[in-house]
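Undergrad: Let me give you the structure first, and then I'll get to my questions.
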Amino acid sequence: MTDLAQSLIDALALGGLYALIAVGVTLIYTVMGMMNFAQGEFIMLPAYALYVLAGLPFAVAVGAALVTGIGIAVLAERVAFRPVRNADLSAQLVTSLAVATILQNVVSASVDARAQSVAAPALVSESTQIGSLSVPNLEILTLALTLAVLFGLGWLLYRTRIGLEMRAAAENFEMARLLGVRANRVIAIAFAISGALAAMVGVLIVMQTGQVSPTMGLTPVLVGFIAVVIGGFGRISGAVVGGLVLGALSSLLGTYLPDGLVPFRDAFVFSLPVAILIVRPQGLLGSAAGEARI
Amino acid sequence: MSGRGLRSPASAAASLLVPLALVATTAALGAGGTPAFEDTVTLILCNLVIVLGLQVFIGNSGVYSFGQLGFAAGGAYLAALLTIPAIFTILQTPELPKLIADAELGPLLSTLIAAAATGVLAASVGWPLMRTSTLAIPISTFAFLIVVYNVLANWDPVTGGSSGLVSIPTTTGIGSAALWSGVAVVVALAFKRSAAGYRLQATREDEVAARSIGIGLMRERLLAFTISAMLCAVGGALAVHQSGTLSPKTFYFAASVTTITMLVVGGARSVFGAVVGTLAVATVNELLRNLEEGASVLGLFSIGDTPGLAAIGLGLILLVTMVVLPDGLSGGREAGEIGPLRRWLPPGLLPTPAAAMAERARPLPVTGSTTGLRAEGISLAFTGLQVLRGLDLELHPGEALGLIGPNGAGKTTLVNVLSGFQSPDSGRVLLDGVEVTGLSPERLARAGIGRTFQAALPFAGLTVVESVAVGAMGVGAGRRRAVEIAAEVLGRLRLGEEAQRPGGLQPPGNQRLLGIARALATGPRYLLLDEPAAGLNDEECGELVAILRGVIEDFGCGVLLIEHDMNVVMDLCSRVQVLDGGETVAVGTPEEVQADPAVVEAYLGTSYAAGAHA
Amino acid sequence: MLKLRGLTVAYGGVEVLHGVEMSLDEGEVVGVVGPNGAGKTSLLRAICGLALAKAGEISFGGRPLRGLEPEEIARLGIALVPEGRQIFGTLTVGENLRLAAPGDGSEAMEGVLERLPILRERFGQRADRLSGGEQQQLAIARALLRRPRLLILDEPSLGLAPKTIDVVYGLLEELRAEGTTMLLVEQNAARTIDFCERSLVLAGGRVRASGRREELQRDPEVLRAYMGRQL
């Protein structure tokens, strides 16, 4: 029973992490219609901030990581994505691929191509006793952060002016502009929030694995994409559900897969979305194709 | 393969020979250099095979698959395991099935087997992947790539795990690499110019219009996906037999980015582009790699040891290309399409005396009590609005029925229902007595329902004659037959002169005619036209009416015309049906309808109805 | 206030408007009618910055509008009630209104809710639950909240039942009485020409007829533009 509870908490924590990634990807998708390949690098660069600033107090390093995440996201939008804003989706996707490659290799060239270790603060590596369970502090932190983000985002989107503008722009960008909503501002803010979320994910991953590497963003971004797709494109709630499902699945497989198959966990996890998409091409929460196919 | 009938012989020859010449020249240069240089060039040619594989799928479908290098990896591993001597195979992959482990095949046979096996894998994996929506394919193929990597890197006893394989016989020389590159060029061009290739390109140009001429998205994509995978497998097999080692990382993310960059920079839509892009990017890549080790630039300053510089350079090139030159260096054109070689008319397009077509894509319908395209009691609500309310409509072969009514009356929605693009909430659609309610647009197109769109939906990247020929290909005609049909149709619609011009640059009147031509090429029994006269001047309208009359007489099809131009309706139609608010307001001859005060009121309002009646 | 000179608009090589001339003074209510495909919506989109003008000038209060972003034009005081209403279905009625109200705007909000009590009733409901007529009222209310100098309406009666159309036009009548400058585009010629002091008849991208209501009601060109040469 304790084992089951333990597994569930593990699953929830990983699900929370994946949900954070998925929401970051979705935010950009809803305002721009683009699936952002570079999200992985928005995760990786803040993680490297932790590595570079290893000597400083942890709080400072985390702050720097946040700034890095927001900064790189906004910069990428301004420099690389704005010029192709009106191009077709394939072009945007390939552009984000280019950005991802550049960022990955800049880090590779300026720091090192190999993984580097980063020490997490002692508190993070310990566990807390809750009843009969020993819960890693990191998982508590992840869950707390996920909840905080979801509430914060909910508050932002539903209780502030800018959130209202973002929701309107996500539904009908043109009409929003006709009402005076500034396109550039809405998109920049979506990217900034995405960058902040990515930074949080980066920090959490570093604390979990104790490592940074230039390619560490690759699997998370794929997770984000898949979570968005299985949740149903373009809906934040869908992204959260997708992230939770993927995270839970990944964690539970990790616990319960027979030993021989454990290394293939990723293969199982990433085959799931295909199965879902065949049965429900619009994703779990996506609206059914009741509209004209034209 | 040379696009007979759609290209001049000179153009087709140039499109084939120029890329082959590039390959040959590259090989010659490589053979003449140092052994190290020769190895580099050999590897570039192996890469070219992979890029050509990418071109077959990505270039023709317009959809990005990130999983093709998973097939390159699969092909490489299988070919390697088949050629590695048995003693080494036992050591590296102890649990490999004996059949493969003991095999010590030559390079050709192992490559062929690897390609075939990968083809089977691609068809199986592609079946679910291509069923996902267009947006989801890049993501699900990306997932496939990672799954392949995951399996290869972790299944140690069978694949050698993350350390990979060594002692692979280095049998790929510059000659075999060049030869296979040539084969890949031929395959890619052959596919592009085949009926299947054209159908896939139609889906790239406009999914909706493609479905309206009978093309099934998933089917066409799957075929290209499989061919693409096989080419990638060949490229992979060649590459590892040049380097002698293989690891899961060889064909993973970095290689995916490199090959996609090569394709995009050259111009994804053309084979020539794939070749040019590969050579250009590979050259820059090599230059940058040399710089990576540290070099002095013009003796002025030195760049230190910077791994990853080449990759950054590639990323920048890709970025700049997307922003500045989205169609790549080749502009998406083949070698034979640049400059003067285009100008040529397929036979049959020069004006000839009007002659009915001896053969048709489809036999004339037999007139009987059940013939006709019928809508019965069609109701449809859409985002809260009741757009169609219990509508009935009958279209008989050989007649022209005008469908008129104010904006928002439901005319286009009704046509959508008749052609399969929307399903009614209630009611039935019958095609010559057979119920076809809710069938997909492509099935209805193949059953004999053709249509055009208000927005014309041209195939901008295809020439005029190609746009029409693909209509015939969509319902199953082979390429040669399709060209004959296209020539006939274009001649009839007096678009012959424009045959080799791009569909996207035609003036609006021509674009509408082109849409009609494309639909006609499917040999429809029933033709549904959505505002064909929009944007035409009086003279053009008169021509349109004459053309449509000829079509009805010669083809015997029934034509439904949504129109706002009353002149066209009155001249052409024997019957007119008036819609307003989703219901039929009047049905009758043009004169009856025009004088009907209810009709005038629907359009203009009460004060004009009195005037019309007077 | 609004001046169009030689306006030509093209979409991808297709010219949908040729050399359109039009002017609108403050306080005027001008109609634009014509059959579908005449270019009416393209005209409005060009004014609001959503469509590129290939040639010609658009000026508003003396300021040229060509080349400005849609949100900039909106902030100059032009409010569009687009065809099909295009309210934000996933937002509530209140949120739709708040989006339009600059600054705090609670006073303006009160004013609008007074005028259209049905919106107060439905204030917390998702906008896609509203009926067509209610949505139209919401769209107009939303435009009004911006306190526009020019109110443009694109086919406000489209898809509405006759009784609802009466309600909508009643509202427009009130606005006219208060001196709101309006540009009204409709397919239903009779009602529009009757409602507006002046109207233009657009067909095939060109102005076929224009003039005061009495003139147009006698002008055979109007009927011709819609019903073809037979009549």
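Undergrad: What are the residues in segment B:507-540 that are assigned to a loop (DSSP other than H, G, I, E, B) and in contact with a helix residue (DSSP H, G or I) (Cβ under 6 Å, 6 or more places away or on another chain), if any?
TA: B:A521, B:T522, B:P532, B:A533, B:G535, B:L536
Undergrad: Out of all the residues in segment C:185-202, which are crowded, with 21+ Cβ neighbours inside 10 Å and away from chain B (no Cβ under 14 Å)?
TA: Correct list: C:L200 only.
Undergrad: Under the condition of being under 30 Å from B:A381 (Cα atoms) and among the basic types (K, R), which residue from segment C:99-132 is surrounded by the most Cβ atoms within 10 Å (Cβ to Cβ)?
TA: Going through the qualifying residues, I end up with C:R122.
Undergrad: To continue, here is another question. Got a sec? Which of A:V60, A:V23 is assigned to a helix (DSSP H, G or I), away from chain B (no Cβ under 14 Å), β-branched (V, I, T) and surrounded by fewer than 24 Cβ atoms within 10 Å (Cβ to Cβ)? Walk me through how you get there before you give the answer.
TA: Values: A:V23 fails: surrounded by fewer than 24 Cβ atoms within 10 Å (Cβ to Cβ).
A:V60 is the lone residue from the list that is assigned to a helix (DSSP H, G or I), away from chain B (no Cβ under 14 Å), β-branched (V, I, T) and surrounded by fewer than 24 Cβ atoms within 10 Å (Cβ to Cβ).
Undergrad: Is it true that B:L246 is at pLDDT below 95 and crowded, with 24+ Cβ neighbours inside 10 Å?
TA: yes
Undergrad: Here is a list: C:A139, C:A101, C:A108. Which entry is more than 23 Å from C:I47 (Cα to Cα) and of a type outside the set (V, I, T)?
TA: Of the residues listed, the single one that is more than 23 Å from C:I47 (Cα to Cα) and of a type outside the set (V, I, T) is C:A108.
Undergrad: Of all residues being surrounded by fewer than 18 Cβ atoms within 10 Å (Cβ to Cβ) and charged (D, E, K, R) in segment C:143-184, which is farthest from the chain's Cα centre (by Cα)? Just the residue, please.
TA: C:K163
Undergrad: Sticking with this structure for a sec: The conditions are (1) more than 8 Å from chain B (Cβ to nearest Cβ); (2) surrounded by fewer than 19 Cβ atoms within 10 Å (Cβ to Cβ), and A:A113 fails exactly one of them. Which is it?
TA: (1)
Undergrad: Here's a follow-up. Would you call C:A127 within 14 Å of chain B (Cβ to nearest Cβ) and either of a type in the set (S, T, N, Q) or under 22 Å from A:A169 (Cα atoms) (or both)?
TA: It is true that C:A127 is within 14 Å of chain B (Cβ to nearest Cβ) and either of a type in the set (S, T, N, Q) or under 22 Å from A:A169 (Cα atoms) (or both).
Undergrad: In segment A:113-135, which residues are under 24 Å from the mean Cα position of the chain (by Cα) and not in a strand (DSSP E or B)?
TA: Scanning segment A:113-135 gives A:A113, A:R114, A:A115, A:V118, A:A119, A:A120, A:P121, A:V124, A:S125.
Undergrad: Counting only residues that are surrounded by 13 or more Cβ atoms within 10 Å (Cβ to Cβ) and touching a residue at least 60 places away in the same chain (Cβ under 8 Å), how many does segment B:86-95 have?
TA: The total comes to 3.
Undergrad: When you check B:L222 against the structure, is it assigned to a helix (DSSP H, G or I), within 14 Å of chain A (Cβ to nearest Cβ), under 18 Å from B:L52 (Cα atoms) and touching a Phe, Trp or Tyr at 6+ places or on another chain (Cβ under 8 Å), yes or no?
TA: Details: assigned to a helix (DSSP H, G or I): yes; within 14 Å of chain A (Cβ to nearest Cβ): yes; under 18 Å from B:L52 (Cα atoms): yes; touching a Phe, Trp or Tyr at 6+ places or on another chain (Cβ under 8 Å): yes.
Yes: the conditions hold for B:L222.
Undergrad: For segment B:470-529, which positions are among the charged types (D, E, K, R) and more than 14 Å from every other protein chain (Cβ to nearest Cβ)? Spell out how you get there, then give the answer.
TA: Residues of segment B:470-529 that are among the charged types (D, E, K, R), as a first pass: B:479-481, B:484, B:488, B:492, B:494, B:497-498, B:501, B:512, B:518, B:525.
Listed by number, the residues that qualify are B:R479, B:R480, B:R481, B:E484, B:E488, B:R492, B:R494, B:E497, B:R518, B:R525.
Undergrad: Ok, one more. Out of curiosity, is B:G214 under 19 Å from the mean Cα position of the chain (by Cα), in a helix (DSSP H, G or I) and farther than 15 Å from B:N47 by Cα?
TA: Details: under 19 Å from the mean Cα position of the chain (by Cα): yes; in a helix (DSSP H, G or I): no; farther than 15 Å from B:N47 by Cα: yes.
The answer is no for B:G214.
Undergrad: Give just the number: which of (1) in contact with a helix residue (DSSP H, G or I) (Cβ under 8 Å, 6 or more places away or on another chain); (2) touching a residue at least 40 places away in the same chain (Cβ under 8 Å) does A:L89 not satisfy?
TA: The number of the failed condition is (1).
Undergrad: Considering only segment C:24-59, how many residues are within 15 Å of the chain's Cα centre (by Cα) and not acidic (D, E)?
TA: 20
Undergrad: Within segment C:48-77, track down each residue that is among the β-branched types (V, I, T) and within 11 Å of another protein chain (Cβ to nearest Cβ).
TA: Passing the criteria: only C:I73.
Undergrad: Of the conditions (1) touching a Ser or Thr at 6+ places or on another chain (Cβ under 8 Å); (2) of a type in the set (S, T, Y); (3) more than 26 Å from B:P397 (Cβ to Cβ), B:T463 clears all except one; give me its number.
TA: Only one criterion in (1) touching a Ser or Thr at 6+ places or on another chain (Cβ under 8 Å); (2) of a type in the set (S, T, Y); (3) more than 26 Å from B:P397 (Cβ to Cβ) is unmet by B:T463, namely (1).
Undergrad: Do the conditions hold for C:L200, that is, is it within 23 Å of C:A46 (Cβ to Cβ) and within 16 Å of the chain's Cα centre (by Cα)? Walk me through it before giving the result.
TA: Values: within 23 Å of C:A46 (Cβ to Cβ): yes; within 16 Å of the chain's Cα centre (by Cα): yes.
Yes, satisfied.
Undergrad: In addition: Considering only residues that are outside any helix (DSSP H, G or I) and within 20 Å of the chain's Cα centre (by Cα), look in segment A:218-273 and name the one that is nearest to the other protein chains (Cβ to nearest Cβ).
TA: The residue in question is A:F233.
Undergrad: Anything in segment C:146-171 that is more than 14 Å from chain B (Cβ to nearest Cβ) and either part of a loop (DSSP other than H, G, I, E, B) or without any contact (Cβ under 8 Å) to a residue 40 or more places away in the chain (or both)? List them, or say none.
TA: C:R146, C:R147, C:P148, C:R149, C:V167, C:V168, C:G170
Undergrad: Ok, one more. Among the residues of segment B:300-317, is there at least one that is of a type in the set (D, E) and at pLDDT below 55?
TA: The answer is no, given that none of the residues of segment B:300-317 is of a type in the set (D, E) and at pLDDT below 55.
Undergrad: Just the residues that are farther than 14 Å from A:A196 by Cβ and buried (at least 24 other Cβ atoms within 10 Å of the Cβ), please, taken from segment A:33-46.
TA: Residues satisfying the conditions are A:M35, A:N36, A:F37, A:A38, A:G40, A:E41, A:M44.
Undergrad: So which of A:V186, A:V201, A:V206 is in contact (Cβ under 8 Å) with a residue 60 or more places away in the chain, more than 9 Å from every other protein chain (Cβ to nearest Cβ) and touching a strand residue (DSSP E or B) at 6+ places or on another chain (Cβ under 8 Å)?
TA: After applying the criteria, what remains is A:V206.
Undergrad: Report, by residue number, each residue of segment C:83-135 that is touching a strand residue (DSSP E or B) at 6+ places or on another chain (Cβ under 8 Å) and more than 28 Å from A:L156 (Cβ to Cβ).
TA: C:E83, C:G132
Undergrad: Could you list, in sequence order, all residues of segment B:541-571 that are β-branched (V, I, T), part of a helix (DSSP H, G or I) and within 14 Å of another protein chain (Cβ to nearest Cβ)?
TA: Quick first cut of segment B:541-571, residues β-branched (V, I, T) only: B:545, B:547, B:551-552, B:559, B:562, B:568-569.
Applying the additional criterion that residues be part of a helix (DSSP H, G or I) yields B:545, B:547, B:551-552, B:568-569.
Passing the criteria: B:V545, B:V568, B:V569.
Undergrad: Where in segment B:404-486 are there helices (runs of 4 or more DSSP H), lying wholly inside it, with at least 1 residues that are at pLDDT 90 or above, basic (K, R) and surrounded by 24 or more Cβ atoms within 10 Å (Cβ to Cβ)?
TA: Helices (runs of 4 or more DSSP H) meeting the threshold: B:411-419.
Undergrad: Which of the residues spanning segment A:274-284 are closer than 17 Å to A:G224 by Cβ and within 10 Å of chain B (Cβ to nearest Cβ)? I'd like the intermediate steps shown before the answer.
TA: Filtering segment A:274-284 for residues closer than 17 Å to A:G224 by Cβ gives A:274, A:276-277, A:283-284.
Within segment A:274-284, A:V274, A:I276, A:L277, A:G283 qualify.
The values are calculated or read from the model by the stated rules, or taken from the named source; none is laboratory data. Please read these numbers as outputs of a predicted model, since none were measured by experiment. All Cβ positions, even for glycine, are placed from backbone atoms using ideal geometry, and neighbour counts span all protein chains on display.
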